[in-house]
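All of the numbers you see were taken from the coordinates with simple rules; none came from a lab. Since we're looking at a predicted model, the values are computed, not measured. Virtual Cβ from ideal backbone geometry, glycine too; neighbours counted across all protein chains shown.
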C-alpha cells in the first residue's frame, strides 16, 4: 500500500540546501519539493516535522561487495538480502551488488541470486538492487589485489555475453589492456551499461582506445590502477600517461573514491573534488562482508573459497601495505568527505546520489528530491548520521 506523506525540514537538493522545505509524497513518488506552505493541498496526509538535520535522497552505491558477514558472491538470496539490509541501515536505498573474481558457476549463482531478490523486492529486504556491477573477473594479472588470483581471467565473449543476457547487469568492468577488452566495452556500451576500467595497468593510449569503444568510468581512483611510474617500469621512456591523467583530462570520464579515511588522505579527496567536481565524482563504499562485524579474519568473495583478509573494524587489509576494500557504509563516506574537503553539503550528497544515478542511466527515477522521482530518501541528524530511511515513501526500520 502506497503512503501519502509530508516531510517538513531542510531539503538537500541537487544544487543547494532549501531551508524550511516541504516534501510531498504520493503513491510512492515525490509530488512536490519546495518551500513549506507553497505546495499542493495535503489535507489528510501524514505530516512529519524534521527540525534537526536534513532530508536527503537515499544513497546510491555502484561498487559494493557485501556486509554483515555476507558477500554477494556467496550466491544466495539470503546473502544478498543480508548485505542489502545493512547498507539500507546506513542510508543506501539503491545498490549495485558487485562481483569479484571467481569461477563461471560462482558468477552465475551470484547473478541469479541478485535477479531473484530484485524481482521480489520488498522494503524489508533493504536497499533495492538497481543492477549488478560485473566487476571481476577481468583484471590485470598483477592488479588483482585482495581478490582471488585463481578466479582472474581475460575477457571471454562466450562468458560475458551469456551474463549480459540475463538482464541484471548495469555496470561492467574490464582492465583496458587485456586482449578482447575493446570488444567487451563495445558489447557493454551497446546495452547501455556504465562501462568501466579497473584493476588495470592501462596506458593513456589503451585508455583512449577503451574510451572510443565505450568505456566511461574508472573504479576507485588511485586504488589498483596504473600510475606514470608503473607505466614507465613496463614501457620505459619517454614516460607515458596513465589512467589518472586520462581521467582528469577527458571530460567524458568519471570515477569514484572510497572516502573512509583509510584508503585516501584528505588532500587526495580534496584534489579529486577540485579537479573532477561533483558531476564526475562518485562516492562508493566498496564494502566487504566485514562491514558491521567485529575485527577478525574474513573471506573476500565466496564464503567457500574466497581470499582471506583481516579487518580491524576500520578497514580491510591483506597486509599493512595492501588494503582489502572498506568495512563501513555510505554514511561514513559522506561524513568524511564533507568534514575533510571544501565540498559543500549538497555537492557531497550529489556524489552519493545524483551523480551515480546519472552515470548508470537512472537519474529520471532516483538520485534527487525532485517531483516524479521515486520517494527513496533519508533523514539525517546534524552529524550526518542516518536516523530514518524511506523507500517509495515507506519506512525501512534502521535499528
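Laid out as a table, the results:
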item	result
Two-decimal Rg to Rh for the chain - Kirkwood Rh, Cα set	0.97
Degrees separating the helix 77-89 axis from the principal Cα axis of the chain, which is the longest one	60 degrees
Rounded to 10°, Cα long-axis angle of helix 330-340 versus longest principal axis of the chain	90 degrees
Within the chain, percent of DSSP bridges classed antiparallel, to nearest 5	60 percent
Among beta bridges that DSSP assigns inside region 280-334, antiparallel share in %, nearest 5	90 percent
Ranking of 321, 226, 189 by count of other Cβ atoms within 10 Å, fewest first	321, 189, 226
Proxy reagent accessibility, fewest Cβ within 10 Å first, across 74, 154	154, 74
Per-selection Rg to Rh, region 19-77 - Cα, Kirkwood hydrodynamic radius	1.18
Gap separating the Cα centres of region 337-399 and region 261-317, nearest whole Å	20 Å
Mean projection area, nm², convex hull over Cα of region 193-294	7.8 nm²
Helix-derived mean residue ellipticity, 222 nm - over the chain, DSSP H n ≥ 4, -39500 (n - 2.57), to 500	-7500 deg cm²/dmol
Using alpha-carbon coordinates, inclination of helix 104-119 to the longest axis of the chain, degrees	10 degrees
Region 1-110: proportion of alpha-carbon pairs further apart than 23 angstrom, %	46 percent
Gained length - residue 51 relative to residue 250, 0.36 nm times residue gap less alpha-carbon distance	67.4 nm
